[in-house]
Amino acid sequence: KRSICISTSGLRGCFDRNGHDHAGTAQKACGLQHRCRGKRKDHRAFLKAERMAVMTKIIDGKAISMQIKEEIKKEAASLKEQGKNVTLAVIQVGDNPASCVYVRNKKKGCEYIGIGSLSYELKEETTQEELLSLIRELNAREDVNGILVQLPLPAHIDEDTVIREIDPKKDVDGFHPQSVGALCIGQPGFVSCTPAGIIELLKRSGVSLEGKECVILGRSNIVGKPMALLMLRENATVTIAHSRTKNLAEVTKRADILIVAIGKPKMITREYVKEGAVVIDVGINRDQNNKLCGDVDFDDVAPLCSAITPVPGGVGPMTIAMLLNNCMESVRK
Ligand code: GUN
């Protein structure tokens, strides 16, 4: 049985008694409320957009990160009054274009909340020893609270050696083995900014993790592994899937909350997602038209889920907000 109905958004659509739409029938009957002009494709797009407007929450990372930055800004001003200044040292080696953008945004973030930033832009040919010596110098400086070495580093420098040289008390990226170990055994320490930002995004969007099936797609040291530990800390049931996982769609379809950090543009389509899931997209890629896109095919997946992050404007802004939060952490105690 098919019938024309007025949907919850007040727009006209065509659904059967089970709520399934029948675009072909609706095409003939509608036309008053939107401009499908009898085209099946346009009508389907209308129904999809309408369902999404009613059912799917778009998690606004930009707005939530602004909230956090405003909170930190106030705190930074009050600490300043007590004579406690915060300074982040940012080191970049070479001129990788993506790194230039990230580093610029990190420095702008410091400026916005009113903390100091020192910038070290080293040439591509910088030796590992020169970089280690700069880190030792910054470790010893009392006026520097946080040290961040932007990754990736040129191939002739060993990232692990460099990360290990940073004093764990100033490791605002949370990449030092001591910080990772502390997270693993539930002790205090700096936490990697992107996964910490995702937890904050979920909490501030009212998504509880307690007892939920969480699947993380990607096993990097920066996102996948710390993400798993943080979700475990929130009492979620956690699975890490990756490029070699068998029957991947079967695994990701179990997720109440799906975190995607696999680095493949628009890889995750609706076949990988359970209806009503919360989907968090960590990917930052360019599509064929050089437009920013995530690892999730947003248009395909969004109508199916209960909440989803967009790219840009989802996880990205949260990473910087959490970095600034980590910088503050070093003077809070
Ligand atoms: N490169 C990509 N993401 C990051 C990050 O969060 N921190 C640093 N230091 N380098 C990165």
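In whole percent, what relative contact order does the stretch 72-145 give with Cα contacts below 8 Å and a gap of six or more residues?
Details: 73 pairs, mean separation 31.5, N = 74.
For the stretch 72-145, the relative contact order is 43 percent.
Just the projected area, averaged over all directions, of the convex hull on the alpha carbon atoms of the stretch 191-267: how many nm²? Let's see the in-between values first.
Details: hull surface 19.9 nm².
About 5.0 nm², averaged over all directions.
Does anything in the stretch 78-116 have its amide N under 13 Å from the 7 Å Cα→Cβ label point of Thr127, and if so which residues?
Taking a point 7 Å out along Cα→Cβ of Thr127, no residue of the stretch 78-116 has its backbone N under 13 Å.
Tell me, what % of the accessible area of the stretch 291-333 is carbon and sulfur with a 1.4 angstrom probe? Intermediate results must be reported in sequence, preceding the final value.
Numbers: 770 of 1340 Å².
So the carbon and sulfur contribution to the accessible surface is 57 percent.
Of the residues Gly94, Gly83, Gly263, which exhibits the maximal mean-square fluctuation in a Gaussian network model of the chain defined by a 10 Å Cα contact cut-off?
So, out of Gly94, Gly83, Gly263, the one fluctuating most is Gly83.
Using Cα-Cα distances under 8 Å and only pairs 6 or more residues apart, what relative contact order does the chain have, in percent? Intermediate results must be reported in sequence, preceding the final value.
Working: 614 pairs, mean separation 57.6, N = 333.
Averaging sequence separation for qualifying contacts and normalising by length gives 17 percent for the chain.
Which Rg and Dmax, in Å, describe the Cα atoms of the stretch 271-333?
When restricted to Cα atoms, the stretch 271-333 yields Rg and Dmax of 15.2, 48 Å.
Kindly provide the Kirkwood hydrodynamic radius of the stretch 225-283 in Å, to one decimal, from all pairs of distinct alpha carbon atoms. Please report the intermediate quantities before stating the final value.
Details: mean 1/r = 0.0831 Å⁻¹.
Here the Kirkwood hydrodynamic radius works out to 12.0 Å.
Provide the per residue accessible area, probe 1.4 Å, for the stretch 75-218, rounded to a whole number of square angstrom.
For the stretch 75-218, the solvent-accessible area averages 47 Å² per residue.
Leaving ligands, DNA and RNA out of it, work out the accessible area of Arg44 with a 1.4 Å probe and give it in Å² to the nearest 10.
In the full protein context, Arg44 sits at about 120 Å².
Could you give me the percent of Cα pairs per 5 Å distance bin for the stretch 94-245, shortest bin first, beginning at zero and ending with the bin that holds the maximum distance?
With 5 Å bins starting at 0, P(r) equals 2, 8, 15, 18, 20, 16, 11, 7, 3, 1.
Students often forget the sequence filter, so: which lysines lie under 18 Å Cα-Cα from Lys41 once same-chain residues fewer than 8 apart are removed?
Lys28
Please report the relative contact order for the stretch 199-244, taking Cα pairs under 8 Å with a sequence separation of at least 6, and give it as a percent rounded to a whole number.
Working: 57 pairs, mean separation 20.3, N = 46.
The value is 44 percent.
What percent antiparallel are the DSSP beta bridges of the chain, to the nearest 5?
Details: 8 of 37 bridges.
Roughly 20 percent of the beta bridges in the chain run antiparallel, per DSSP.
In terms of modelled amide H atoms, which long-range or inter-chain residues lie less than 5 Å from the amide H of Ala241?
For Ala241, the qualifying residues are Ile216, Leu217, Gly218.
So what's the Cα pair-distance distribution over the chain, bin width 20 Å, in %?
For the chain, the pair-distance distribution reads 28, 51, 18, 3.
Can you list the aspartates and glutamates whose alpha carbon sits under 20 Å from that of Lys203, skipping same-chain ones fewer than 8 residues off?
Partners found: Asp60, Glu70, Glu71, Glu213, Glu234, Asp256, Asp281, Glu329.
Please work out the C-alpha center-to-center distance from the stretch 119-152 to the stretch 199-256 and express it in whole Å.
Between the Cα centre of the stretch 119-152 and that of the stretch 199-256, the gap is 33 Å.
For the stretch 222-333, would you read off the P(r) tail past 20 Å as a percentage of all alpha carbon pairs?
Details: 2783 of 6216 pairs.
Counting every Cα pair in the stretch 222-333, those more than 20 Å apart make up 45 percent.
Is the C-alpha gyration tensor of the stretch 46-133 telling us rounded, prolate or oblate? Criteria: a/c under 1.5 is rounded; beyond that, a/b larger than b/c is prolate, otherwise oblate.
Working: a/c = 4.62, a/b = 1.47, b/c = 3.15.
Taking the square roots of the gyration eigenvalues as a ≥ b ≥ c, the stretch 46-133 is oblate.
Using only C-alpha atoms and all pairs of different ones, pull out the Kirkwood radius for the stretch 107-160 in Å with one decimal. Could the numbers behind the result be given before it?
Numbers: mean 1/r = 0.0788 Å⁻¹.
Mean inverse Cα-Cα distance, inverted, gives 12.7 Å.
Step through the residues of the stretch 68-84 one at a time and calculate ³J(HN,Hα) from phi using the Karplus curve (6.51 cos²θ - 1.76 cosθ + 1.60, θ = phi - 60°), rounding each to whole Hz and writing x for Gly and Pro.
After applying 6.51 cos²θ - 1.76 cosθ + 1.60, I find 5, 4, 5, 4, 5, 4, 4, 5, 4, 5, 5, 5, 4, 4, 7, x, 9 Hz.
Per the helix-only calculation at 222 nm, which mean residue ellipticity applies to the chain, given -39500 (n - 2.57) for every DSSP H run of n ≥ 4 and division by its residues, nearest 500 deg cm²/dmol?
Values: 12 runs with 138 residues, N = 333.
Counting only the DSSP helices, I get -12500 deg cm²/dmol.
Give me the net charge of Cys193's neighbourhood, meaning all other residues with Cβ under 13 Å from the Cβ of Cys193; Lys, Arg count +1, Asp, Glu -1.
Working: positive: Lys106; negative: Asp171, Asp173, Glu200, Glu329.
So the surrounding residues net to -3.
Add +1 for every Lys or Arg and -1 for every Asp or Glu among the other residues with Cβ under 15 Å from the Cβ of Arg136, and state the total.
On the way: positive: Arg141, Arg164, Lys169, Lys170; negative: Glu129, Glu130, Glu137, Glu142, Glu165, Asp167, Asp171.
Result for the neighbourhood of Arg136: -3.
The values are calculated or read from the model by the stated rules, or taken from the named source; none is laboratory data. All values derive from a computational prediction rather than experimental measurement. Neighbour counts are summed over all protein chains in view; Cβ atoms, including those assigned to glycine, are modelled from backbone coordinates with ideal geometry. When the accessible area is computed, the model is the full protein with side chains, heavy atoms only, and any ligands, DNA or RNA have been set aside. Shrake-Rupley method; radii C 1.70, N 1.55, O 1.52, S 1.80 Å.
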